[in-house]
Amino acid sequence: MSVDGLAPRQRLAAYAGVARVQLRTQLVYRGDFLFRLLGLLVNIYMLRLVWDAVYPASGTATGNGGHRIALATQIAYVTLALVQNWLLNSGGMGFIPQRVREGTVAVDLARPVRFPSQMVWAQAGAVAAQLPFTVVALPFALLVGGARPPASVGAAFGYLLSLLPAVLISLLLTTLVQMVAFWTLETSGIFVIHRFVQQFLAGALVPLWFMPGWLRVLAEWMPFQATTYAPVAVYLGQAGVWATLGVQLLWCAVLLMLLRLMWWRALRRVVVQGG
Amino acid sequence: MADGTTAANPIPRRRAYRLLLGAALRAQLQYRSNTLLTLAGGIAYQGVGLAFVSVLVGRFGAIGGWSLGEIAFLYGLRVTAHGLWMIPTSQLFVLDLTIRTGEFDRYLTRPAGPLMQLLSREVYLATIGDLLTGVAILVAGASQVDLDTSPGALLYLALAVVGGALVEGSLQLAAASLSFRMLSNQSLRLFIDGIMNNFGGYPLKIFPSVTRIVLTFVVPVAFVAYLPANVLLHRTGELALAPWVAWCAPLAGPLLIALAYLVWRTQIRHYQSSGT
């Protein structure tokens, strides 16, 4: 591929174009938003009630790191984590499999920018389309669930800073899972598994501090927690900013390499279907 | 005519359903590796919900006084009812799609009922994963709570599962019927499914009373698993309702599904071909 033929500026313009197309595609279906929003709010409300019910009457519980977690902190965690996970995973995961099955992947391959980058940017466009919805959803979510101010000014900045790698890791993960389409044409099964395993190990339902030891270790060694748990834990002052950012950047590097490797293997397997 | 055929319906209903379903199943099994993964997907979907509950109970001891075994039993009852309903009816989820693409026109011209043809257009194997997970959780829970295994109790359990399946089904059928006017209402049905999935597996007594009333009389989640589980676990004493209401919970299913079918019959009259 003639990747080197493009100036960085041209390449960026190409990526922005790919992202824009996905953004528009997603916005066509905004009619479904109301029920998706209601679904999210019901989910947050339910989790709040359940945490209310299980929490000790004293209003605090000990996390497995030894610190006390107040009920209000726990509910703020659940609210923020669910909204964030919702934003990152509402973009759908359809386009690589669809393009492989319909043969349009041939067009993507002929473009002068790398295919994996195209796909990551397309996914970014799909997630960006969810942003306005998330902005609308957030106040309702905080009302139904619960809100807490950030633990400190540093935690607030740390949260915003750690959101960037969190988004990138999430985009890389969804793209990697979609790449499976090059090996098996039907992918709905893998997507469903990814959706739920990701949600759980990301800490969207239970924060890592309440997971039993072995599960916590498993979650810590997986990239999913870096997308949801890590930023929210920083916000609430339950995790250090720099350590969190370090782990996140490490995952970005690992996943980028993995995507390269997988793409290199996939290229040898591409079967362009039909005309 | 004998065996229920008429000039307009020359093929007996049961035979038509069997033929269509067989074809759908064969089509689905063409993608062998995906078949297994789809099954695993159904298991992951329900498994994550249970994993959440068991982490909670493991950390905090009990939920609303229900032990892990009791909650697993309740949770399993809900998921089993869900799986039982979903296996034959997963295609209700794409009713709006078949209307938009004009596929539904075909159902009206063929010698079989449109609802039957819709339901047999594809078999979604993840639903079998749902059922397997449900039964596994139910059995695991039952073994922890030394359930009454007299024939009477087991019969009640079976009726409760079928009744629960029909309760959930009635909501989905009624919501799907609105597709004839709304053209796109998949998110409404996912929303209902979300409520069932979110609240169905918990002892409802942990929720505030307004929520409990909504989940009993507006969206009848309580009738799917919570009320029959109270009966089977001898916990009717903690209910705000009279115990006989809980005992009669399996009757809600047949009643509601009949109502939902009426909704289907009235809504299908509003069908307008998309012309494509």
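Estimated from helices alone, the mean residue ellipticity of chain A at 222 nm is -23000 deg cm²/dmol (sum of -39500 (n - 2.57) over DSSP H runs with n ≥ 4, per residue). Think of it as helices only: each DSSP H run of n ≥ 4 in chain B is worth -39500 (n - 2.57), and spread over all residues that comes to -21000 deg cm²/dmol at 222 nm. Between B:Cys248 and A:Arg265, the simple label model (points 7 Å from Cα in the Cβ direction) yields a spacing of 6.1 nm. If you line up the long axis of helix A:153-179 against the longest principal axis of chain A, both from Cα atoms, how many degrees apart are they, to the nearest 10? In chain A, helix A:153-179 runs at an angle near 40 degrees to the longest axis.
When the Cα positions of B:Ala112, B:Thr38, B:Leu159 are compared along the charge dipole of the range B:33-270, B:Ala112 comes out farthest toward the positive end, with charges on each C-beta of Lys, Arg, Asp and Glu.
Seen from all directions on average, the range B:88-198 presents a Cα convex hull projection of 8.6 nm². Under conditions of 10 °C and 1.306 mPa s, chain A yields 80 µm² s⁻¹ as its translational diffusion coefficient, taking Rh as the Kirkwood radius over Cα pairs in the Stokes-Einstein equation.
When the Gaussian network model of chain B links Cα atoms closer than 10 Å, the mean-square fluctuations of B:Gly200, B:Gly113, B:Gly76 top out at B:Gly113.
With each label modelled as a point 7 angstrom along the Cα→C-beta vector, the A:Leu143-B:Leu262 pair spans 3.6 nm. The P(r) of chain B has a tail past 33 Å containing 26 percent of all C-alpha pairs.
Pairs of Cα atoms nearer than 8 Å and 6+ residues apart set the relative contact order; for chain B it is 25 percent. Relative to the longest principal axis of the Cα atoms of chain A, the long axis of helix A:115-144 lies at roughly 30 degrees. Charge tally for B:Met196 (other residues, Cβ to Cβ under 15 Å; Lys, Arg +1; Asp, Glu -1): -1.
A straight chain from B:Leu19 to B:Gln144 at 0.36 nm per residue would run longer than the Cα-Cα distance by 40.8 nm. Residue exposure proxy: A:His67, B:His234, ordered by other Cβ atoms within 10 angstrom of their Cβ from fewest to most, comes out as B:His234, A:His67. Once the Cα atoms are used to define both axes, helix B:13-28 deviates from the longest principal axis of chain B by about 80 degrees. Taking A:Ala81, A:Ala57, A:Ala16 in turn, the Gaussian network model of chain A (Cα-Cα springs below 10 Å) assigns the largest fluctuation to A:Ala57. For a Förster distance of 41 Å, can you work out the FRET efficiency between the beta-carbons of A:Asn64 and A:Arg101, rounded to the nearest 0.05? My answer for the efficiency is 0.40. Using the Cβ-Cβ distance between A:Leu256 and A:Leu6 with R0 set to 22 Å, the FRET efficiency works out to roughly 0.70. On the basis of the beta-carbon distance and an R0 of 60 Å, A:Ala72 and B:Ile11 show a calculated FRET efficiency of 0.40. Can you tell me how the protein assembly as shown classifies by the Cα gyration tensor, rounded, prolate or oblate, using a/c under 1.5 as the rounded cut? Oblate, since a/c reaches 1.5 and b/c is not below a/b.
Values in this text are rule-based calculations from the coordinates and carry no lab data. Fair warning: this is a prediction, and the values are worked out from it, not measured in the lab. Note that each Cβ is placed from the backbone with ideal geometry, even for glycine, and that neighbours are counted across all protein chains shown.
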